Amino acid sequence: MQMNSVVDVPQPKCLLVTSTFPPVRGGSAVVYSSLCKFGGGSFVVLSAWRNYATGREIPGWREHDRQFDFPITRLELLRPLLAQGDKRSSFLVDLLLMARVLAKLIGLVRAHGINVVCVGELVYGGWLAFACRYLLRCKVILYVHGEEVNATGQSLAERMKRSYLAAADAIVAVSRFTRGVLIGAMNLSAERVELIGNGVDVAHFREMPKSETLIARYNLSGKRIVLSVGRLIPRKGFDRMLTAFPGILRRHPDAHYLVVGDGPYRADLERIARELEIEHCVTFAGDVSDSELVEHYSLCEIFAMPNREMPNGDTEGFGLVFLEANACGKPVIAGLAGGTADAVTCGVNGLSVDGDSPAAITDAVDRLLADRELWSLLRIGGLSVAQNAGWQERTDRFKRLCVRLLA
């Protein structure tokens, strides 16, 4: 009798290396945290306890890390401080930082039996692809969101992106847009680029009654709320929302714009609101906790983030917040730029507009506030889209990719 041969494929044990890990806010941080939460013990994390963008210690990182049963190790930094800049940074200081990161990574690989290393920072972490592949003999995956490959820059790290991508065993793209850029502009073969769209935790993000506490906090009684959530940077389109809002108010005087998040563009956004004389109809809530974020989604009738592509190519890779809003039963308005088409299908779970056109934004908001039938249709469609985008399925696909690389 002929026996079938069985190939013993090792189960993946993945070391995730990223600076953008909670309690840092942002879509990519949610992606990496969700992979670990739904990974069933397959993940170990190497992150930082100092925020490279601000230079300050990340508030609450110790308390955050104690909540989870997957190992989280933190160094002070995994990449140079943003304020330092390439021109002013010391080459020796950067080399010492890289040496500390590599030494810690080697220790974690040996201690946890790591066979796959996933790097979540292409520009400043991609160099690890060489070390992991040739020194440690680990399989290397680069997780790419979009802006890292589409934006242009003159730093050495920016110029090395193609080499880092070439050294990896596989690249994960979070949207068709990102995958297209990797295959087209970066000249990667389609077989090496795995499309794994972002997901949403539907057990956490769900429909709930409006919070009377938040209504009182922001003085929003009787208001029809348009909500934006995200890091306050130009590509998100919050400035265009503000520019559109006087037209929205002329049609819907009870409308109110609630902005959740913080970032370097906040002072400019507050100035725009003052210049347009709509500050009484705009609330900047700042960052909120994960538990309160769901309650903030519950306040709104519409979620809007009319993103656009910036002159340097910076654009939205996916737009995880659209799925979060959909899971909370809210129709969304998205820009046409970047990878948001993977998150929002116009007429199914939201509306898509030219994020550079305040008039188009005004018309989209007006349609959803005025047409209850359309609002209900997109609400139901959004709930369906969110239910089909659960994180367990996304995580399982990532683990299957690891298994293929190890076979």
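Between the range 315-377 and the range 218-241, how far is it from one alpha carbon centroid to the other, in angstrom? What the calculation gives is 13 Å, centre to centre. Once the Kirkwood radius over Cα pairs is known for the range 283-360, the Stokes-Einstein relation at 4 °C and 1.567 mPa s delivers a diffusion coefficient of 99 µm²/s. Each Lys or Arg adds one and each Asp or Glu takes one away; over the other residues whose Cβ falls under 12 Å from the Cβ of F38, this sums to +1. Antiparallel DSSP bridges in the chain: what percent, to the nearest 5? Within the chain, antiparallel bridges account for around 5 percent of the total.
Applying 1/(1 + (r/R0)^6) with r as the Cβ-Cβ distance of C346 and R162 and R0 = 45 angstrom yields a FRET efficiency of 0.85. Across H296, H204, H280, the residue with the most accessible area heads the list, and the full order at a 1.4 Å probe is H280, H204, H296.
Counting only heavy atoms of protein chains, what accessible area per residue, in Å², does the chain have with a probe of 1.4 Å? Let's see the in-between values first.
Values: 17840 Å² over 407 residues.
Per residue, the chain has 44 Å² of solvent-accessible surface.
Geometric descriptor of the range 248-394, per residue, is 122 Å³ (volume of the convex hull of the Cα atoms). With the cut-off at 1.5 for a/c, could you classify the chain from its C-alpha gyration tensor as rounded, prolate or oblate? Here the chain falls in the prolate category.
Here the chain is treated with +1 on each Lys and Arg Cβ and -1 on each Asp and Glu Cβ, and its dipole about the Cα centre works out to around 1160 debye. Stokes-Einstein diffusion for the range 96-137 at 20 °C, viscosity 1.002 mPa s, with a Kirkwood radius from C-alpha pairs, works out to 203 µm²/s.
Decide, for the range 309-407, between rounded, prolate and oblate: order the square roots of the alpha carbon gyration tensor eigenvalues as a ≥ b ≥ c, take rounded if a/c falls under 1.5, and otherwise choose prolate if a/b is larger than b/c, else oblate. Because a/c hits 1.5 or more and a/b fails to exceed b/c, the range 309-407 counts as oblate.
Within the shell of other residues whose beta carbon sits under 15 angstrom from the beta carbon of N326, the net charge comes to -2, with Lys and Arg scored +1 and Asp and Glu -1.
The residue list V144, F177, L108 was ranked by how far each Cα lies along the charge dipole of the range 106-178 toward its positive end, using unit charges on Cβ atoms, and L108 comes out on top. Relative to one another, the C-alpha centroids of the range 270-306 and the range 27-88 are positioned 27 Å apart.
For a test of the definition: using alpha carbon positions, the gyration tensor, and the 1.5 limit on a/c, classify the range 239-307 as rounded, prolate or oblate. Taking the square roots of the gyration eigenvalues as a ≥ b ≥ c, the range 239-307 is oblate. A 1.4 Å probe over all protein chains sorts T213, T395 by accessible area into T213, T395, starting with the largest.
The residue among N198, S163, V229 whose Cα reaches farthest toward the positive pole of the charge dipole of the range 145-231, with charges on the beta-carbon of Lys, Arg, Asp and Glu, is V229. Legend: residue pairs K37/K223; K210/K399; K161/K236; K37/K210; K161/K330, Cα-Cα distance threshold 32 Å; pairs beyond threshold, K37/K223; K210/K399; K161/K330. Of all lysines in the structure, the ones whose alpha carbon falls short of 20 Å from that of K104, not counting any fewer than 8 places away in one chain, are K13, K139. Protein heavy-atom surface of the range 186-302, 1.4 angstrom probe: 47% of the accessible area is carbon and sulfur, with nucleic acids and ligands not counted. Estimated at 0.36 nm per residue, the fully extended path between E275 and L95 surpasses their Cα-Cα distance by 60.1 nm.
Net charge in the neighbourhood of V294 (other residues with Cβ under 14 Å of its Cβ; Lys, Arg +1, Asp, Glu -1) is -3.
The values are calculated or read from the model by the stated rules, or taken from the named source; none is laboratory data. Please read all numbers here as calculations on a predicted model, not as lab measurements. Cβ atoms come from the backbone with ideal geometry, glycine included; neighbour counts cover every protein chain shown. Ligands, DNA and RNA are excluded from the accessible area calculation, which covers all protein heavy atoms including side chains. Shrake-Rupley method; radii C 1.70, N 1.55, O 1.52, S 1.80 Å.
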